Amino acid sequence: MLSKRLEQVASMVTKGNIIADIGTDHGYVPIYLVEKGICPKAYAMDINQGPIESAIKNIENYGLSEKIQAIKSNGLEKLEPEKADTIIIAGMGGELIVNILENGLEKLENCSRPVKELVLSPHKRGDLVRKYLGEHKWHITDEKMLIDMNKFYTIIKAEKGQESYLYSETELLYGRILLDRQDATLKKYLDKENAKFQKIKQKMIENQSKDLLEVEKILEYNRVGRESYD
């Protein structure tokens, strides 16, 4: 039922937690987590009516209507405080994920049973997500990187801490835990990105582009990342 990417997303959820899956689409992640006994209850949430109707049908087909509630919601707007332990947001850009967290997470933190875990999988601009988490006292406790359908995906797990955390530019781009772990998939990504931007740099030099400095910055961060494997 789940893609390789969504299986990894589900694997990051702490057993026993109630989850809210934002942008649930067909409701597959909540269904998987409840059916496997990992989560006792779940909320499947999406901004669009079509995915909600699809999720409701799938939830009913699995006989899980008493344990999974489908809610039409713009991000976290309709999720009531004290209802969920884990927020899942996967398959969106980093900018949108940050926007959803900025607009709805505070009310879920300042209550008697606050959200204690985030599982986020940005398909681009993961640096924005890591920056937001560090600045808002969410500590990244685990990261995974995988290739699914020839695309690279990162999954970030974070738990609420007491202090803000600052990351270097290289850590923001590629993930401190992945770099420290010398993750093999990240190494493939770094090598691929280096080759791509080296070609871009060469073309910019030939065309005397004014944007060369930005590409050189990316290549420098990439170099620092690759050196962590030496």
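The values are calculated or read from the model by the stated rules, or taken from the named source; none is laboratory data. Since this is a predicted model, take the numbers as computed values, not measurements. Positions of Cβ are generated from backbone atoms using ideal geometry, with glycine treated the same way; all protein chains shown enter the neighbour counts. Note: areas computed on protein heavy atoms with side chains; ligands, DNA, RNA excluded. Shrake-Rupley method; radii C 1.70, N 1.55, O 1.52, S 1.80 Å.
Tally Lys and Arg at +1 and Asp and Glu at -1 over the other residues with C-beta under 14 Å from the C-beta of residue 103: what net charge comes out? Residues near residue 103 contribute -3 overall. Ligands, DNA and RNA left out, the 1.4 Å accessible surface of the chain is 45% carbon and sulfur atoms.
In this label model, residue 116 and residue 4 are separated by 3.3 nm, measuring between points 7 Å along each Cα→Cβ vector. Paramagnetic label reach from residue 74 (point 7 Å along Cα→Cβ; backbone nitrogen cut-off under 16 Å): within the stretch 42-59, residues 46-49. Taken over the C-alpha atoms, the chain has Rg and Dmax values of 19.1, 63 angstrom.
Converting phi to 3J(HN,Hα) with the Karplus coefficients 6.51, -1.76 and 1.60 and the offset θ = phi - 60°, the stretch 216-226 yields 5, 4, 4, 5, 5, 4, 5, 4, 4, x, 5 Hz in sequence order, with x at every glycine or proline.
Once backbone amide H atoms are built at 1.01 Å from N, residue 2 has no partners under 5 Å, excluding neighbours fewer than 5 places away on the same chain. For the stretch 1-122, a crude dipole built from +1 on the beta carbon of Lys and Arg and -1 on the beta carbon of Asp and Glu, taken about the Cα centre, is about 320 debye to the nearest 20. In this Cβ point-charge picture (+1 for Lys and Arg, -1 for Asp and Glu), the chain has a dipole of about 460 debye about its Cα centre.
Scoring 87-98, 20-31, 152-163 by mean Cβ neighbours within 10 Å over their residues and listing the highest first yields 20-31, 87-98, 152-163. Taking the centroid of alpha carbons for each part, the stretch 190-226 and the stretch 26-64 are 43 Å apart. Positive end of the dipole of the chain (Cβ unit charges, origin at the Cα centre): among 108, 24, 146, the Cα lying farthest that way belongs to 146.
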